[in-house]
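Worksheet: the structure to be examined is printed underneath.
The values are calculated or read from the model by the stated rules, or taken from the named source; none is laboratory data. Keep in mind the model is a prediction, meaning the values are calculated, not measured. FYI the Cβ positions are ideal-geometry reconstructions off the backbone, even for glycines, and counts take in every protein chain you see.
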Amino acid sequence: MKKFLTITLALVMCLPLMAMPAFAADEDVNLYVTVRDFRADKILFESDVPYEKITGMVKDTLGDDKKPVYNFDVWKNKYGDEVTQAMLDGLFNDVPGYNMTTQKTLTMNATGSGYWELRSSSMFPIDDELFGNEGNSHNYHFSIEIHTRFKYVSGAVLEFSGDDDVWVFMNNKLVIDLGGVSYTTSATVNLDEIADDLGIKVGDIVDFDMFYMERHLTGSNMNIRTNFDFLNLNASEWATEELQKADALGLIPDSLKGQDLTKPITRAEFAAVSVKTYEALANGAAIPAVNNPFTDTNDIEVLKAYNVGITTGVSATTFEPDALLNREQAATMLTRVFKKVSLAGWSIDKDADFPLPYTRQAPFADDNDISEWARDSVYFMASHGIIAGTGGNMFSPKAVTPEQQAQGYAQATREQALVIAVRMVENLE
């Protein structure tokens, strides 16, 4: 069946005393989504029941787990006694055997006029993947789950047109209710008209949660159009609030914008984060080294970090920009940022002449695994609550066994690095 989607979104949690930056009008926005594949079970997927747009298939308030809560009787009346609660719960949750899951990116293209659009006349994100096409020309049986946040601005509008099921929640409240397998249907949301009902005001950062399903042959068109200021972060839920702060403080370097922040961070990427942290604390721009000592990189952020004294590389001539960073390296580089900003006359070659002002806590249980050159930095960061231990009185400074190396033990992720940078700016500023 033909599908055409157009959407207008907006909302999230407020961050008091902190303005969120808008995306430039010519900057594309990536929506990081979870796609789940299903088989044609002839019950919920590829059912023979007549096409019909149905409201009331989900409750008006999002569940505590940020998933839809289903009105089971509505589904049973439409699809028969074979429908089970477990089937419904699996539509947007991972259930081995019932569905398969992958992560995808949907790109909203900037129009240059303050709007972003996603337009596709062939929205089939998992063709020949997961359960496969089941003998069809496309994979027609999937759900898409989107969780993001953006800033509510006056005049914000969401337009949607398409099929099959689409449920959109803002501030955990249902604002688009287009359930069922059907031909093209549409909805428009004007936030100014419903702001009071949602409990939001202009300038608020609001949760946006969208749930979409393709459940029947033969077409799939999706168009999303909005003028919302998206917070374009692909990150774990636990880190989102701190990452909003990182964005507002200007701590996210260009190299990490739009990237998967759950992935391990490289030495070059962390050098860029460290430079941003230095610039925030020093209220000034870092200058790159004129003469590049490294033969394996010409990254401008690495050269800034080298010139400031944040890093010396792994040797006199190599930096290993793509090597993954561990926790003791992160502590050391950020401690150097603090010293450069706070201790007049400090330089990396005079580091021993500048003791750190802190009271050292009791040793971590894995203190012997901390490199001697990193020990002071580790305990300085821990004493200020900037880099915490990992549980069981462990710090996990680095991998020390082949097994730990294989497991990626003690590697820092991009989002962890940014959260650390936020804590440093807030605690040591």
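General observations
- Residue list for the stretch 72-122, restricted to those being touching a residue at least 40 places away in the same chain (Cβ under 8 Å) and among the acidic types (Asp, Glu): 94, 117
- Across the stretch 73-82, not a single residue is classified as surrounded by fewer than 16 Cβ atoms within 10 Å (Cβ to Cβ), in contact with a strand residue (DSSP E or B) (Cβ under 8 Å, 6 or more places away or on another chain), in the same structural domain as residue 158 (by TED's automatic domain parsing) and of a type outside the set (Ser, Thr, Tyr).
- Residue identified as among the charged types (D, E, K, R) and buried (at least 18 other Cβ atoms within 10 Å of the Cβ) among 197, 164, 128: 164
- The set of residues from the stretch 203-232 being in a loop (DSSP other than H, G, I, E, B), of a type in the set (S, T, N, Q) and touching a Lys or Arg at 6+ places or on another chain (Cβ under 9 Å) comprises 218, 220, 221, 232.
- Residue in the stretch 96-117 that is modelled with pLDDT of 95 or more, surrounded by fewer than 13 Cβ atoms within 10 Å (Cβ to Cβ), closer than 14 Å to residue 215 by Cα and not small (Gly, Ala, Ser) present: no
- Some residue of the stretch 154-161 being surrounded by 18 or more Cβ atoms within 10 Å (Cβ to Cβ) and on the phi > 0 side of the Ramachandran plot: no
- Whichever residue in the stretch 351-409 is more than 32 Å from the chain's Cα centre (by Cα) and of a type in the set (A, V, I, L, M) and, among such residues, is surrounded by the fewest Cβ atoms within 10 Å (Cβ to Cβ): 352
- All of (1) closer than 30 Å to residue 407 by Cβ; (2) part of a helix (DSSP H, G or I); (3) at pLDDT 95 or above; (4) among the hydrophobic types (A, V, I, L, M, F, W, C) hold for residue 330 with one exception: (3).
- Top-ranked residue of the stretch 384-400 - restricted to ones that are assigned to a loop (DSSP other than H, G, I, E, B) and among the hydrophobic types (A, V, I, L, M, F, W, C), ranked as nearest to residue 366 (Cα to Cα): 395
- Scoring residue 335 on the criteria (1) over 17 Å from residue 420 (Cα atoms); (2) surrounded by 14 or more Cβ atoms within 10 Å (Cβ to Cβ); (3) of a type in the set (Ser, Thr, Tyr) leaves a single failure, condition (1).
- Positions within the stretch 344-383 being hydrophobic (A, V, I, L, M, F, W, C), within 29 Å of residue 415 (Cβ to Cβ), at pLDDT 90 or above and outside any helix (DSSP H, G or I), in sequence order: 362, 364, 365, 370
- Filtering the stretch 244-273 to residues that are charged (D, E, K, R) and assigned to a helix (DSSP H, G or I) leaves 245, 247, 254, 267, 269.
- Flag if residue 271 is closer than 20 Å to residue 410 by Cα and at pLDDT below 95: no
- Qualifying residue in the stretch 200-212 (condition: in contact with a Gly (Cβ under 9 Å, 6 or more places away or on another chain), closer than 30 Å to residue 134 by Cα, touching a residue at least 60 places away in the same chain (Cβ under 8 Å) and not charged (D, E, K, R)): yes
- Within the stretch 38-52, residues that are in the same structural domain as residue 94 (by TED's automatic domain parsing) and part of a loop (DSSP other than H, G, I, E, B) reach partners that are among the small types (Gly, Ala, Ser) and surrounded by 12 or more Cβ atoms within 10 Å (Cβ to Cβ) with beta carbons closer than 6 Å, at six or more positions or on different chains, in the pairs 46/40; 51/182; 52/180; 52/182.
- Some residue of the stretch 320-332 being surrounded by fewer than 20 Cβ atoms within 10 Å (Cβ to Cβ), hydroxyl-bearing (Ser, Thr, Tyr), closer than 21 Å to residue 270 by Cβ and within 31 Å of the chain's Cα centre (by Cα): no
- Evaluating residue 169 against the criteria (1) within 30 Å of residue 140 (Cα to Cα); (2) surrounded by fewer than 20 Cβ atoms within 10 Å (Cβ to Cβ) leaves one unmet condition, (2).
- For residue 287, the requirement of being over 26 Å from residue 385 (Cβ atoms), within 28 Å of the chain's Cα centre (by Cα) and either of a type in the set (A, V, I, L, M) or modelled with pLDDT under 95 (or both) is not met.
- Filtering 415, 403 for residues that are over 21 Å from residue 278 (Cβ atoms), in the same structural domain as residue 324 (by TED's automatic domain parsing) and in a helix (DSSP H, G or I) leaves a single hit, 403.
- The set of residues from the stretch 214-257 being surrounded by fewer than 18 Cβ atoms within 10 Å (Cβ to Cβ) and in contact with a strand residue (DSSP E or B) (Cβ under 8 Å, 6 or more places away or on another chain) comprises just one member, 237.
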